[in-house]
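What follows is calculated from the coordinates using simple rules that are stated; it is not laboratory data. As the structure is a prediction and not an experimental result, all values here were calculated from the model. Cβ sites come from the backbone with ideal geometry, for glycine too, and all protein chains shown count toward neighbours.
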Ligand code: CAA
């Protein structure tokens, strides 16, 4: 694996770093109050960040997958909220249409998603189907030229704000995972109801909602892929989506480490910076090592994906390790900051709250271990 970024990738890194520092950082407090970052997303659309890997023919920036991962990593150092919105919008909101859509579906949706005019969301999880995604209960019944969907979804990132929803429902309940189909649903479809926005521990500027479908009519031309292909579509896109969440985790961990190093060198106790104490400097050393290991796993998975090679196991390993690193490093960062770390005056408590969910969404750490262990058999 080449550990050096290409010139194009370095340009992406610089552009996103500058944007995050100049545009996002001043708005982090607003995001913490739960304000959805419409304005930031619009600017990201203008910069080509909402369709980084989409082909130019569909209005995308046509850059490689590693460039996309660089963007999520850099954005998440400043705001994990923006990191997750972009990851869900791209990996599981737009890519299912790009990889499994008809030419007509691609032409209709991808240019608007890639420009940021539309925001995407992914609707798989249900109240009784989380890790066991294949047991979903939402039903889709064909009547003439449309499907009628009934059911409900939970924990839908970007829900309520998104314009396009990739919805998974069972068209053949007796067939288990092979009876699941995928649909592209426009936000104004009658019968689509946006429910409660969850009050979360972290990621306050990101929306996480419940959705209900009541006799929701989806035209047959909005079936994505073939009937019964839905579970495969969900899993294939989650494989790749998990690298995005791993990059988000890496960004959070790196930000917490950088803040800890800075603070430990400035904070004087007993007449010297606290970094001069082995108890603190060893914490920093462990943070640095874990962040570096996470970086290697994240960019290895991204590199394989950029080459078009299989990366399911590597993606799960990257997500498992990077999310664990984010939780551990942010916990230790609060310890380095002491009492100040427990207050909202410093960003480490936000990093800590934002980190935890990376071990949960897009497949819990336990699910990643299942995927990894199956590949080792
Ligand atoms: N790619 C393509 N096909 C796949 C696949 C993949 N990664 N994984 C499984 N499949 C196929 C299998 O090959 C199998 O088909 P065949 O029978 O033809 O071989 C079929 O799907 C069923 O596979 P399994 O028997 O392995 O399915 P399972 O029910 O045991 O589940 C699982 C496997 C890996 C545990 C899966 O259920 C899973 O990943 N669960 C976690 C769900 C998840 O990640 N949810 C996240 C929600 S989205 C989210 O969080 C986004 C957000 O908002 C931030």
- request: Let me know the shape class of the range 153-258, please: from the alpha-carbon gyration tensor, a ≥ b ≥ c as square roots of the eigenvalues, rounded when a/c is under 1.5, otherwise prolate if a/b is greater than b/c, or oblate.
  value: oblate
- request: Report, to the nearest 10°, how far helix 65-78 tilts away from the longest principal axis of the Cα atoms in the chain, using its own Cα long axis and a range of 0 to 90°.
  value: 60 degrees
statement: With R₀ set to 25 angstrom, the calculated FRET efficiency between the beta-carbons of residue 364 and residue 214, to the nearest 0.05, is 0.25
message: Test of understanding: ordering 311, 123 by Cβ neighbours within 10 Å, fewest first, what list do you get?
response: 311, 123
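Could you tell me the relative contact order of the chain? Use alpha-carbon pairs under 8 Å, at least six residues apart, and round to a whole percent.
Numbers: 744 pairs, mean separation 60.1, N = 377.
16 percent.
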- prompt: Once the Cα atoms of the range 303-377 are picked out, what are the Rg and Dmax in Å?
  reply: 15.7, 48
task: Could you grab the relative contact order for the range 7-119? Cα pairs under 8 Å, six or more apart, rounded to a whole percent.
output: 32 percent
message: Rounded to whole Å, give me the distance from the Cα center of the range 63-126 to that of the range 28-55.
response: 11 Å
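What is the extension gain from residue 328 to residue 272, computed as 0.36 nm multiplied by their sequence separation minus the C-alpha to C-alpha distance, in nm to one decimal?
17.6 nm
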Likely footprinting exposure, 231, 122, 36, fewest C-beta neighbours within 10 Å first: 36, 231, 122
- line: Computed on Cα atoms, the radius of gyration and Dmax of the range 26-146 in angstrom are 16.2, 52
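Can you give the FRET efficiency to the nearest 0.05 for residue 2 and residue 289, using r as the Cβ-Cβ distance and R₀ = 25 Å?
Step by step, r from the Cβ atoms, then E = 0.65.
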- prompt: Spin-label point model (7 Å from Cα, Cβ direction): what's the residue 46 to residue 196 distance in nm?
  reply: 3.9 nm
query: To the nearest 10 degrees, how steeply does helix 365-376 sit against the main Cα axis of the chain, on a 0 to 90 scale?
result: 80 degrees
message: Applying a 10 Å radius around every beta-carbon, put 54-62, 241-249 in order of their mean neighbour count, most first.
response: 241-249, 54-62
message: Can you tell me, using C-alpha contacts under 8 Å and at least 6 residues apart, the relative contact order of the range 86-187 as a whole percent?
response: 26 percent
- request: Post the alpha-carbon centroid distance, the range 317-377 to the range 176-244, in whole angstrom.
  value: 26 Å
query: How far is helix 103-115 tilted off the main Cα axis of the chain, in degrees rounded to 10, range 0 to 90?
result: 30 degrees
- line: Nearest-0.05 FRET efficiency for residue 373 and residue 102 at R0 = 30 Å, using Cβ-Cβ distance, is 0.25
- prompt: Name the residues of the range 183-202 whose amide N is less than 17 Å from a point 7 angstrom out from the Cα of residue 141 along the C-beta direction?
  reply: 191
query: Quick one: length gained pulling residue 33 to residue 309 fully straight, 0.36 nm per residue minus the C-alpha distance?
result: 95.3 nm
message: If N is the number of residues in the range 82-211, what value comes out of its Cα radius of gyration divided by 2.2 N^0.38 Å?
response: 1.03
